[in-house]
Structures are given as C-alpha cells and as structure tokens.
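Asks: Provided herewith is a single structure, encoded as structure tokens, for subsequent inquiry.
The values are calculated or read from the model by the stated rules, or taken from the named source; none is laboratory data. The model shown is predicted, which means the values in this text are computed figures rather than measured ones. All Cβ positions, glycine included, derive from the backbone under ideal geometry; neighbour counts span all protein chains shown. What goes into the accessible areas is simple: the full protein's heavy atoms, side chains included, and nothing from ligands, DNA or RNA. Shrake-Rupley method; radii C 1.70, N 1.55, O 1.52, S 1.80 Å.
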Amino acid sequence: MKVVEDQVVEDDTCLQDDEQESFFQDIDLLQKHGINVADIKKLKSVGICTVKGIQMTTRKALCNIKGLSEAKVEKIKEAAGKMLGFQTAFEYSAKRKHVFHITTGSQEFKLLGGGIESMAITEAFGFRTGKTQLSHTLCTAQLPGEDGYSGGKVIFIDTEHTRPDRLRDIADRFNVDHDAVLDNVLYARAYTEHQMELLDFVAAKFHEEGGVFKLLIIDSIMALFRVDFSGRGELAERQQKLAQMLSRLQKISEYNVAVFITNQMTADPGAGMFQADPKKPIGGHILAHASTTRISLRKGRGEMRIAKIFDPDMPENEATFAISGGGVTDAKE
C-alpha cells in the first residue's frame, strides 16, 4: 500500500513539473532551431528569458542589444515564430487553470475576485488610502496558507521609502514567525532609472528559480517618473519610458506571478466644480490600459476604506475593508 502511495505522489510531482515546463517555453529551446548559446545569453542579459518574451520585443529593440545584428535578429524572430502561433481557446483556457489568487487580508475584498491574480498586473490608486498597507499584507500572505496555497517568495521594489519592519506587526496578526516573513521578501529601494535595471534582475531571478517567486510589488510605479520628468515638455518622453517599463512587467507576469503596483494621484484641472473627487491617477491611458485590474481606493469613516474594482472579467463592484495594526482586515460595521 505504501508503495502505491509513493507512486501516486511521484506521478503527481512529475505532472506538476511537466505542467510548469509547458507553461512557458524556455529561451534555451531556440538552440534546436539553430540559435547559438552566445546569442541566447545576450537575450537573457536584458531580461528576455522565454520564447514569448522575444515575440513581445520589437526588432528595433532586439537590434539595440550589443552583439545582435539585423540578420541575427531576423533568425531569432523566425525561430521564435515557429515555436509560437495560434492555439485554440480551449488550449489557452487550460493554461489559465494555473492562475492563482493571493489573499488581500479582507474576506469581503477577497470575494470580489478571489484576491490578486497571477499572470496579470493589478494597479491600486488613491490618496493616503492604505496602498502600502495592502502591499505589506500581500507580502505576509505569501506564506503557505488557506485553500491549499503553497506560498512563494516576494520581490518588493520600493520607491517611496517605506519600512519593511512593518511586516513584523502584520506577521503577529497572522501568527507567523517574523524572521520567516522577512526572509521571504527580497527588498530593493529604487532610485531614478535604477528601477528599470532592477526589472532585468527580476526577470532573470524568475527564470532561474521558476515557480519559487509568486509576487512582484512596486510601490509606487510613478513616483520616480514624476521626479525624472517634469513639465509638459518632457511628458511624451516620460510616457514612452513608462510604456517600456509596463511592457517589461507584462513579460514578467508571464512567469505566472502576480504583479501588484501602486499609483499616486494628481489634481484634475478638467474636473467640474460638482465632482465629488477632483483627483485622478497619474500615468494616463498608457498605465490604465496596461493594468489588467484597477482598484480605486478612497477613505471612509475612521479606518474604513472603500475599494472599487475595475476588472474585465467581472462587473464593477465595491468592497469595504479597514486598516489596522495588523494591516488590511475586514471592516467592522
């Protein structure tokens, strides 16, 4: 009987490994199509680690990689095209079964969509409404927990000088070890365009340790862009840089990780005098269209917050939650 049980466990493990391998195609597979190892290393050096990543990168961008000529880029594109193409909706739906959701710490908030979704970019915006508190709660919820969730590691890119020590207080609420929570989070503080370089590291890390990391948090996505680019004269360049960064985040989400970004607000000069909230999230349409799910946060009474969810797979809805010493929790009536 024991032998049979061991065989079942071994078969399940092999099945999970096969599913993980089929989830995304490693860029090393291009060797079978005549692409040499040296050129593959050059692609990895800029964070392109999957075949789909090649298809998501323009020929112009690939030609800018040192050591790749136009002829080499055409050969790489041709090889990637042979490996990727159309698939049935059923096949794509089967891949979506790997998608998981990370709890937000509030049951009502979670019921709206099950939590923060993997293979997607989730954006939260609002003015002093608990965005960083939500980010820290997501970090703590990454340890093995309910619904059979096996947990995973987190990468946290900070642009607003937050305090990782806050995780200790939230860990107390979930009754988990402080050191275990802190060791589970890779934390980096970004300065100016440094955050773009950090994303190259993130892509390489997710590739090297596939399935280990489950969540990437950037708090906040626009803080440094507001510093580096000022005035309308530099707006076009800022938006172009932002689009490039969001493109990288979309590629990173293909590793079946959840990407959670926070965003700042600005005054809306076009708002009418009778508008309830004359503020809007910055980043324009580029950020709005790149985000799979948008969460608009606003203050309620006391510690209560109201979250309005904009998700393409569900109708617009609202949930209430509260900010406590233990992070995001259910609101008390």
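Asks: So what are the ³J(HN,Hα) numbers for the range 245-256, from phi and the Karplus equation (6.51, -1.76, 1.60; θ = phi - 60°), rounded to whole Hz, Gly and Pro as x?
Replies: Whole-Hz 3J(HN,Hα) from phi for the range 245-256: 5, 5, 4, 5, 5, 5, 5, 5, 5, 5, 7, 6.
Asks: Rg and Dmax of the chain, Cα atoms, in Å?
Replies: 21.3, 75
Asks: Would you kindly state how much longer the chain becomes between residue 87 and residue 173 on full extension, computed as 0.36 nm times their sequence separation minus their alpha carbon distance, in nm to one decimal?
Replies: Taking residue 87 through residue 173 to full extension adds about 26.5 nm, to one decimal.
Asks: Related question: In debye, nearest 20, what is the charge dipole magnitude of the range 27-83 about its Cα centre with +1 on Lys and Arg Cβ and -1 on Asp and Glu Cβ, if you could check? Please report the intermediate quantities before stating the final value.
Replies: On the way: 12 positive and 5 negative charges, 16 e Å.
My answer is approximately 80 debye.
Asks: Please give the direction-averaged projected area of the C-alpha convex hull for the range 196-333, in square nanometres with one decimal. Write out the running numbers ahead of the final one.
Replies: On the way: hull surface 44.3 nm².
In nm², the orientation-averaged hull projection of the range 196-333 is 11.1.
Asks: Given the peptides 65-72, 165-172, 181-188, 257-264, arrange them by the average over their residues of other C-beta atoms within 10 Å, most packed first. Walk me through the numbers before you get to the answer.
Replies: Details: 65-72: 12.0, 165-172: 17.6, 181-188: 16.1, 257-264: 25.0.
The most tightly packed comes first, giving 257-264, 165-172, 181-188, 65-72.
Asks: Tell me, what is the per residue accessible area of the chain in Å², probe radius 1.4 Å?
Replies: 53
Asks: I would also like to ask the following. Of 44/241; 131/214; 44/72; 32/66; 205/299, which pairs sit farther than 27 Å apart, going by alpha carbon to alpha carbon?
Replies: 205/299
Asks: Rounded to the nearest 20 Debye, what is the dipole magnitude of the chain about its Cα centre when Lys and Arg each give +1 and Asp and Glu each give -1 at the C-beta?
Replies: Working: 42 positive and 48 negative charges, 314 e Å.
Roughly 1500 debye, rounded to the nearest 20.
Asks: From the convex hull of the Cα coordinates of the range 27-83, what is the mean projected area in square nanometres?
Replies: Over every viewing direction, the Cα hull of the range 27-83 projects on average to 3.2 nm².
Asks: In whole Hz, what ³J(HN,Hα) sequence does the range 88-95 give by Karplus (6.51, -1.76, 1.60; θ = phi - 60°), x for Gly and Pro?
Replies: My calculation for the range 88-95 gives 6, 4, 5, 5, 5, 5, 5, 5 Hz in order.
Asks: What does the charge count near residue 64 come to, summing +1 for each Lys or Arg and -1 for each Asp or Glu among other residues with Cβ under 13 Å from its Cβ?
Replies: Neighbour charge sum, excluding residue 64 itself: +4.
Asks: Can you tally the net charge around residue 213? Count Lys and Arg as +1, Asp and Glu as -1, for every other residue whose Cβ sits under 12 Å from the Cβ of residue 213.
Replies: +1
Asks: For the chain, with all protein chains present and a 1.4 Å probe, just round the carbon and sulfur fraction of the accessible area to a whole percent.
Replies: It is 52 percent, rounded to a whole number.
Asks: Given R₀ = 41 Å, FRET efficiency for residue 78-residue 237 by Cβ-Cβ distance, to 0.05?
Replies: The computed FRET efficiency comes out at 0.80.
Asks: Hey, can you grab everything whose amide H is under 5 Å from the amide H of residue 256? Only 5+ residues off in sequence or another chain; H modelled, so Pro and N-termini drop out.
Replies: The answer is 119.
Asks: Summing Lys, Arg as +1 and Asp, Glu as -1, what charge do residues with Cβ under 12 Å from the Cβ of residue 202 carry, residue 202 excluded?
Replies: 0
Asks: Next question. Which order do the peptides 199-206, 121-128 come out in when sorted by mean C-beta neighbours inside 10 angstrom, highest first?
Replies: 121-128, 199-206
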